[in-house]
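Okay, structure first, notes after.
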Amino acid sequence: MNSKKFKYVYGPVPSRRLGRSLGVNPIPLKTCNYSCVYCQLGRTLHLINERQEFFSKEDILDEIIEAVSLNKNKIDFITFVGEGEPTLNINLGWLIEMAKSKTGLPVAVITNGALLYDKGVREDLSKADVVLPSLDTVFEETFKRLNRPHKSITIDKVIDGQIRFREIYKGQIWLEIMLVKGLNDSEKELTELAQALKKIRPDRVYINVPIRPPAEPWAVPPDEEAIVRAHAILGNVVPITHPEQGEFDLEGFENPVEAIKSICRRHPMREDEIIETLKKRFEDIPDNFLDQLVKRGDLKRINYRGINFYLVPEIKRGVK
Ligand code: SF4
C-alpha cells in the first residue's frame, strides 16, 4: 500500500487461510464480548455485548475502496477482523454488502461467533463469502475460564447460534478451535466438542494453539499428546485443515524427507495421510520410510488409540 495513513484498513497482508488479505478493523481497540485468556491483544478493555456504530460506515467504506484501487490485483479477500469483535459493529452487514458490490472482491469475517445467536448478526454474516468463527468448548465452566464472556452470553446460546447460522448460510464456515493446556484439551472436552461440530457442520476446522504472547502468561499450548488426541477425536467427525500447507501441496519439494518434515512441522499427521500424500508426489517411497525418519530423529511417532501420528520433534506449535 502507498504511504497514505489508513485508519480502518491495513494490508494486503499474506494470510495462510485467505491468501492476500486486506484487513478491515471496524471496532475500537480491545472492544469485545469475550476476554480470552489467549488473546494476543491482551485483556479486553471494553467488555460489551451491545452492537454499536462506533465509526462512520461511509468512512470505513471509502478507505476500503481506496485501498483496493491502490492495490489492484493484489487482494484475494477483504477481511473484517477487529482489534476486538467485528460483529459488535452494527453496520457490519451494510459494510460487507457495499465492500463486495463496490470492489467485486470476496469478503471474509473472522469472528468469535458468539453473537450468531442474534438474528441480525446471522443476517449480516450471511452476506459474506467465508465466515471464520471460533468455538473452544461446549462446557459453561470452561467457557467462563477460557473465553471469559460478557455475562449475557452462555455457551449454549453460542452453539445454538452457530447451528442456526449453518442452516441459513450458503457460504463457507471455517471454524477455529484454540486449544489451551489444562483448559480444553482433555478427552472429555474434545469428545463433546466433536459432538457439537457434527451439528454446526463447518466446512473446515482449524486447530490452533497460543503461540503469540497471550493475555495471560499461563495460557500455553497443550502437550504433544493432547494435540494428537485433538486431531484424532475431532478429525473423526470433521475435516481438519492445516492452514500452512494448503492441500498438502508438495510441488515445490524435491526430496520426500523435507516434504514430510514440512507438513508435520506444526501439527500431527496420521500415518495413512502422510503415505497417501507422499505417493502422489514421489515414486518409490520405501515401506519403512517413516521408521527411518523416526530412527534418525527427523520425526516423532505418537500412538493414540492404535493410530500412529507423526510430528517434527523440535517444533510442535500450531499457527493462526
Ligand atoms: S474473541 Fe478474539 S479479540 Fe475477543 S478476547 Fe477473544 S481472542 Fe481477543
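Values in this text are rule-based calculations from the coordinates and carry no lab data. Worth saying up front: this structure is predicted, and the values here are computed from it rather than measured. Here the Cβ positions follow ideal geometry from the backbone for every residue, glycine too, while neighbour counts run over all protein chains shown.
Structure notes:
- Rg then Dmax, both in Å and based on the Cα atoms of the chain: 20.4, 62.
- Put a plus charge on the Cβ of each Lys and Arg, a minus charge on the Cβ of each Asp and Glu, and nothing anywhere else: the dipole of region 256-311 about its Cα centre is then about 360 debye.
- Considering only D203, D287, D298, the mean-square fluctuation computed in a Gaussian network model of the chain, springs between alpha carbons under 10 angstrom, is largest for D287.
- Each Lys and Arg contributes +1 and each Asp and Glu -1, all at the Cβ; summed about the Cα centre of the chain, the dipole is approximately 500 debye.
- Counted by neighbouring Cβ atoms within 10 Å, the residues F143, F282 run from fewest to most as F282, F143.
- Listing T31, T154, T79 from fewest to most neighbouring C-beta atoms within 10 Å gives T154, T31, T79.
- FRET efficiency, 1/(1 + (r/R0)^6) with R0 35 Å, evaluated for K7 and K279 via beta carbons: 0.10
- In terms of other Cβ atoms within 10 Å, H231, H46, H150, H267 run from fewest to most in the order H46, H150, H231, H267.
- Across region 97-211, C-alpha contacts under 8 Å between residues 6 or more apart give a mean separation that, scaled by the residue count, equals a relative contact order of 28 percent.
- Mean separation of Cα contacts under 8 Å (6+ apart) over length of region 107-153, as relative contact order %: 41 percent
- Calculated mean residue ellipticity at 222 nm for the chain: -10000 deg cm²/dmol, from DSSP H runs with n ≥ 4 weighted as -39500 (n - 2.57), summed, divided by the residue count and rounded to 500.
- Most positive-pole-ward Cα, Q52, P202, F309, against dipole of the chain from beta carbon charges: Q52
- Added length on full extension, which subtracts the Cα-Cα distance from 0.36 nm per residue, R201 to K295: 29.9 nm
- Computed over the chain: relative contact order in percent, which uses C-alpha pairs under 8 Å that are six or more apart: 15 percent
- Computed about its Cα centre, the charge dipole of region 153-304 is approximately 480 debye, with only Lys, Arg, Asp and Glu carrying charge at their Cβ.
- Net length gained if the chain between D59 and W94 were fully extended (0.36 nm per residue, minus Cα distance): 11.3 nm
- Net length available on complete extension from E141 to S126 is 2.4 nm, with 0.36 nm assigned per residue and the Cα-Cα distance removed.
- Flagged links, alpha-carbon separation over 30 Å, of K181/K279; K157/K300; K127/K198; K74/K199: K181/K279; K157/K300; K74/K199
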